[in-house]
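One structure is given here, and the rest of the page talks about it.
The values are calculated or read from the model by the stated rules, or taken from the named source; none is laboratory data. None of the values given here were measured: they were computed from a predicted structure. Note that each Cβ is placed from the backbone with ideal geometry, even for glycine, and that neighbours are counted across all protein chains shown.
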Amino acid sequence: MTWTIARKEILSNLLSYKFYVVILLAAILAATSFFVMTRDYKERLADYGLIRPKAGEPIAVNPPNPLSIFAKGLDEAMARSFEVETIGVTVRAGQKSGNAIFAFFPTPDFLYVVRVVLSLVALLFGFDQVSREKEAGTLRLMLANQTSRSAVLIGKWAGNFLSLAIPFALVTALGIAVLGLDPDIRFSADQVLRLALILVLTLVYIAFFLSLGILISTLTRRASSSVVILLFIWVLLVFILPNLGTLVARQMVDVPSVRALSEKREQVWTREILLRIKGQGDMPSHIRTISAENDALEADYRIKFDRLVNLSKNINRISPVASFVYAVTEVAGTGIGEEGAFKREVVRYKNAVLGRMLASPDMKSSEYPAFLYRYRPLDRVLATGTLFDTAWLAAFGVLFFALSYLAFVRYDVR
Amino acid sequence: MIATIVKKEILGHIISFRFIVTLTLLLVVVPVTTFILTNDYLKRIDDASLRQAEIETYLRSYGHFNRIGPILQATPAPIPFHSLVRGLAPDINLGEFDNDPLPVMFPLIDLVFIVTIVMSLVALIFAYDAVSGEKEDGTLKLTLANGLARPKVILAKVAGGGLTLLVPFLLSLVIGLLVILVHPGVDWKGTDWLALALITLGTALYVMFFYGLGVFISSRHHSSSASIMTSLLVWVLLVLVVPSLSPYIASFLSPTPSRIQVDREVGRLSDTERDDLGRKLQAERLRDLIAKYPVLAERMSEADKKRLMERDPVAREAFEAERKATQGAWDEANRIQGGKIEDIRKAAKLKEEAQTKLSRFISMASPLSVFTYLATDLSSTGLRNEAHFGRVGTVWDQAFGAYQRRKIADLQAKDPATDWWNTPVDMSDRPRFVYTEEALGGRIEAAMPGFLLLLGYGLVFFALAYVSFLSYDVR
């Protein structure tokens, strides 16, 4: 019986105005996003080709991550070049800096389309599931037969989920297939797996919003009030809570500004160099002091900053949307955790290079080790928060579905 | 009669569920945002003064002209308006090792964000059933069954709805402003209040645009469920898609050379190519000299040269001429290559400016961008302020340069052999960088086209709603 209802839902969706509008919208947006972000990725890849260090140069550069087409996250920060010199690390940022308009608006990657547009679409599929049929009078006809309410609800959920997920999965798969034909973009087996995981996460996310939509639909008598409530909840979950959370966290954790930090570094450097000019100690020992003090400053900053990041993450997780964003970016390798791991790796590389420099008499060596960043393996990514975020998102979905079941069982269908 | 319908619209909205939810939402979000941003602003002031103190300490110990470059720089200062509008805050710091990843993940909230995202959606939620909903309820035909002209009805609907919408916003803004007024650390001046008044006017135009759009969509549909679908679709496109895509489209239409490529090219021009050119020019000039002074063709050590110069005045002349020619050749090479570098940089800059302009132009298809530029320019946190900051910074740079030259001249006057580059100098009398916002007149002038555009967009959709409603089948 459940399947019959699900089929009926799918068929009636296929005939509705709403279905075509939203599926068309989602498809066009996903396609545009793929196109735009692929170009962006290729431009950054070309830049990488230019700045890639020659063998033996003490420069740490990580190539852009092809998964950034789907979730750009912090890839721009991770694809900068870090040149190691005796005085410290010189950072060169890439592209976008020439056009300030980029800074005004969010990046239109796949993650953005899913996070903002697809969630809205899922709500629009769910908002009138119960109230519309009640208004039309078909709900009591359905329940006048020997159909259990749980079968109706599950059938409705499944039917709508499928009529949303299948077209979207098809469009996305098509987009990925087109990307796969591009010779410049190559995904490793691991990245394909990660991509599959991102799609699964997307489906869990859709399921969450669909359950929320159905829940509100079972709690309201009229479709029009259901849609109003849902839009407010949506704005709160997608925009307000995650964007406010970081600012709230900043109120509670004191982190020195980055500018102050780099001025402190400058001070250390000047002090040591002037001591050297005065003739105290030899150069390598000064360099060692500078490096050690800078590392201590960095470590101190990192501790505070990590506290801020963790707090802001936890506050933001009030909204499962934030959990979704964290999970997807971490799986894609463009998340906050990955960036932190990358920076630690750069510091380690800097110390290795500095060791070599100091070991040679003129503090120059022609052969430095090459920098190679290995992304954290998937199991490690999952273990450090991503699994939790996924479970958190899924739990909310299940909770909302359970609540809508409770509400629907008592629903007055007349 | 219009007054009656406006009143009915206002009363109808005020007792509605959506009005209460909107009011509650805004009453919570706006004051909380203001409170947090105000604290954030105060923190930034603290940080700035701490840094200033650190810089003073640094200068007392290491006031060498060789060591102050990275420390004494023009840096943007926090301005009181940051307690409402963040604008283009330089939080992300991609140029530093410790960049901030948090705002990349979720942009931080401010008044502009609340207006652009929340208020536009609220306006559509208020408007989507203005016509189609009344038709469904059957009240529209009753209204028109009396001797009431359609233009009056639609005009009253837009006016009443728009006015009701602004009430929750203004109320929440007033409470938010109380936070600013009560805080002793935040000192808003008259110009700030004036700028805020103008931003509020912009908000009204922006909200009216979306309300007009909603009424237009509503009068194109016969069921309110279809009109909310279309409204949301249009909202997604205007608010979420067009602005985000615009810089990417612009970069497609008007590409800029990658900055890394430009840097590479500049490096090549000032390094290997300059050396080649310098050597070539040097060889050419020396060839003529050798014809004149055969002594130059001989290979000899520096010591031998010195001895020869002391003995022979002709040789002395020859070597001096050689030194001059070499210097001239390298100066020439530097000049030529410097010109080329400047050309490349200038061309890249022009292209970047063209792309920025195009992005801005494309994004203005969405009223969200128009309002964002208008509000950030008025609050001096936007693009215009970046240019202004650049100008103020240059003025200070020049003043400091003059100060440095004067100090160096003083040092040299005392002792010509001094290493002025590495001698500690008392710099307590240096010109200090004080950031001043651009005068409000200039900002208003810059925001004018935005106001007109918002008004124009609003009028267009109102006209469309009017025309659609005239031919609307109310049965």
Check: Taking the condition buried (at least 22 other Cβ atoms within 10 Å of the Cβ), out of contact with any Lys or Arg (no Cβ under 9 Å at 6 or more places or on another chain) and either at the interface with chain A (Cβ under 9 Å from one of its Cβ atoms) or of a type in the set (K, R) (or both), does B:I114 pass?
Finding: yes
Checklist line | Residue ID - farthest from the chain's Cα centre (by Cα), chosen from residues in segment B:21-50 that are over 20 Å from A:F239 (Cα atoms) and without any contact (Cβ under 8 Å) to a residue 12 or more places away in the chain | finding: B:L50
Item checked: Cβ pairs under 6 Å, 6+ apart, first in segment B:383-411 and under 15 Å from B:E438 (Cα atoms), second among the charged types (D, E, K, R) and assigned to a helix (DSSP H, G or I) -> B:R384/B:D377
Checklist line | Residue in segment A:310-319 that is in contact with a Pro (Cβ under 6 Å, 6 or more places away or on another chain) and either closer than 26 Å to B:Y62 by Cα or not in a helix (DSSP H, G or I) (or both) present | finding: yes
Check: Looking at (1) farther than 30 Å from B:F400 by Cβ; (2) more than 7 Å from chain A (Cβ to nearest Cβ), which is the one condition that is false for B:P101?
Finding: (2)
Check: Looking at this structure, is A:R92 of a type outside the set (S, T, Y), under 30 Å from A:T4 (Cα atoms) and surrounded by fewer than 17 Cβ atoms within 10 Å (Cβ to Cβ)?
Finding: no
Check: Is at least one residue of segment B:210-226 within 14 Å of chain A (Cβ to nearest Cβ), within 27 Å of B:V32 (Cα to Cα) and either in contact (Cβ under 8 Å) with a residue 60 or more places away in the chain or assigned to a helix (DSSP H, G or I) (or both)?
Finding: yes
Check: How many residues does segment A:248-280 hold that are aliphatic (A, V, I, L, M) and assigned to a loop (DSSP other than H, G, I, E, B)?
Finding: 2
Notebook entry, point to check: In this structure, is A:L382 in contact with a helix residue (DSSP H, G or I) (Cβ under 6 Å, 6 or more places away or on another chain), surrounded by 14 or more Cβ atoms within 10 Å (Cβ to Cβ) and assigned to a helix (DSSP H, G or I)?
Noted result: no
Margin query: Could you check segment B:55-73 and list, in sequence order, the residues that are facing chain A (nearest Cβ under 9 Å), surrounded by fewer than 16 Cβ atoms within 10 Å (Cβ to Cβ) and outside any loop (DSSP other than H, G, I, E, B)?
Written below: B:T57, B:S61
Check: When you scan segment B:296-305, how many residues do you find that are surrounded by 12 or more Cβ atoms within 10 Å (Cβ to Cβ) and farther than 24 Å from B:E284 by Cα?
Finding: 0
Margin query: Whether any residue in segment B:152-168 is under 23 Å from B:S231 (Cβ atoms), at pLDDT 95 or above and not small (G, A, S) is what I want to check.
Written below: no
Next item on the list: Identify, by number, the condition in (1) among the β-branched types (V, I, T); (2) more than 10 Å from every other protein chain (Cβ to nearest Cβ); (3) over 19 Å from the mean Cα position of the chain (by Cα) that B:V85 doesn't meet.
Entry: (3)
Next item on the list: For segment A:136-246, please list each of the helices (runs of 4 or more DSSP H) lying entirely inside it that holds at least 2 residues being crowded, with 20+ Cβ neighbours inside 10 Å and not basic (K, R).
Entry: A:149-181, A:189-219, A:223-234
Next item on the list: Mind listing whichever residues of segment B:1-50 are under 26 Å from B:L155 (Cβ atoms) and among the polar types (S, T, N, Q)?
Entry: B:T4, B:S16, B:T22
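Matching residues to (1) in contact with a Leu (Cβ under 9 Å, 6 or more places away or on another chain); (2) on the phi > 0 side of the Ramachandran plot; (3) within 11 Å of another protein chain (Cβ to nearest Cβ):
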residue: A:A296; (1), (2), (3): no, no, no
residue: A:V309; (1), (2), (3): yes, no, yes
residue: A:V331; (1), (2), (3): yes, no, no
residue: A:I336; (1), (2), (3): yes, no, yes
residue: A:A341; (1), (2), (3): no, no, no
residue: A:G355; (1), (2), (3): no, no, no
residue: A:E367; (1), (2), (3): no, no, no
residue: A:F371; (1), (2), (3): no, no, no
residue: A:Y375; (1), (2), (3): no, no, no
